[in-house]
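Below is one structure, written out as structure tokens; the observations come after it.
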Amino acid sequence: MKKYELIETDFKVTIFGVKVFRIKALTSFSYITKGDLGGYIEKESCLDMSGNAWVSGDAQVYGNARVYGDAQVHGNARVYGDARVYGNARVYGDAQVYGDAWVYGDARVYGDAWVYGDAQVYGNARVYGDAWVYGDARVYGNAWAKASPIVLTNYCKWILTKTDKHLQVGCAQKTFAEWLKWLDGKEEFETKRGTKEFEKIEKAIRFLCEQTA
């Protein structure tokens, strides 16, 4: 049984010229009551018929984007391209998720934040304010990104992503003070100390950490 329908007479046209239609609940589930009006989607593949996923308010989902699981997209949010929002994730406010970006787990993207490219936001991560997360960046765990992250993708073998409180090097995430302490120690990860590649990584870490007031 379908959990919603598209109202063909209630639609908007996106900035890309895509027609998106208001949805209406055909059954009650989660906090949704049969007959409730939702947000706007281009087609049924954008919002899964199973699970408790929902699009509400003036939010729009279109293109090959998909919202499923228990995910919620609401407010004035936009999800499009080949983006995925799933699990228990929430995208709201004026946030945008697009390209091949994924937002999942218990992650939250809100405010004026943008997540795009091949970026992923997951776990208990929060991306909000004017933050931009893009490229191959990963924001995860309990990380919070409020200001626009700085992402270095081609300087060394690892992608470095700086948020307002943390620096992530590859899959390793630490505070700025923890990274500086690590550089002054002897612990090694995959890249051996004393090599040219490590020198590049060290310069990048010190540069990003020392920019923090």
- Query: Sequence-distant or interchain residues sharing an amide H contact under 5 Å with V133, placed H: which?
  - Reply: W114, V115, Y116
- Note on the structure: Calc'd 3J(HN,Hα), region 88-102, phi into Karplus 6.51 cos²θ - 1.76 cosθ + 1.60 (θ = phi - 60°), Hz, glycine/Pro = x, comes to 10, 5, 10, 10, 7, x, 10, 5, 10, 10, 7, x, 9, 5, 10
- Within the chain, what's the longest run with no chymotrypsin sites (Phe, Trp or Tyr not before Pro) in a DSSP loop and at most 12 other beta-carbon atoms within 10 Å? Give the range, please. 32-213
- Task: Compute the label zone of E44 within region 3-36: residues whose backbone N is under 11 Å from the point 7 Å along Cα-to-Cβ.
- Result: 3-6
- Task: Restricting things to alpha carbons, find the Rg to Rh ratio for region 1-69 using the Kirkwood radius for Rh.
- Result: 0.94
- Counting DSSP beta bridges with both ends in the chain, the antiparallel % (nearest 5): 40 percent
- What is the dipole size for the chain, taken about its Cα centre, with +1 at each Lys and Arg Cβ and -1 at each Asp and Glu Cβ, in debye to the nearest 20? 200 debye
- region 68-117: projected area of the alpha-carbon convex hull, averaged over directions, in nm²: 2.7 nm²
- With a cut-off of at most 15 other beta carbons within 10 Å, and DSSP calling the residue loop, which trypsin sites (Lys or Arg not before Pro) in region 180-211 qualify? Please list them. K186, K192, R193
- Matching label, semi-axes √(5λ) of the Cα gyration tensor in Å computed from the structure shown, candidates [x] 40, 15, 13; [y] 30, 21, 17; [z] 31, 19, 14: [x]
- Query: Can you work out D for region 1-123 in µm² s⁻¹ from Stokes-Einstein, where Rh is the Kirkwood radius over C-alpha pairs, the temperature is 20 °C and the viscosity is 1.002 mPa s?
  - Reply: 156 µm²/s
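We did not get these values from a lab; they are worked out from the coordinates using the rules stated. Fair warning: this is a prediction, and the values are worked out from it, not measured in the lab. Cβ coordinates were reconstructed from backbone atoms using ideal geometry, including for glycine residues, and neighbour counts include every protein chain displayed.
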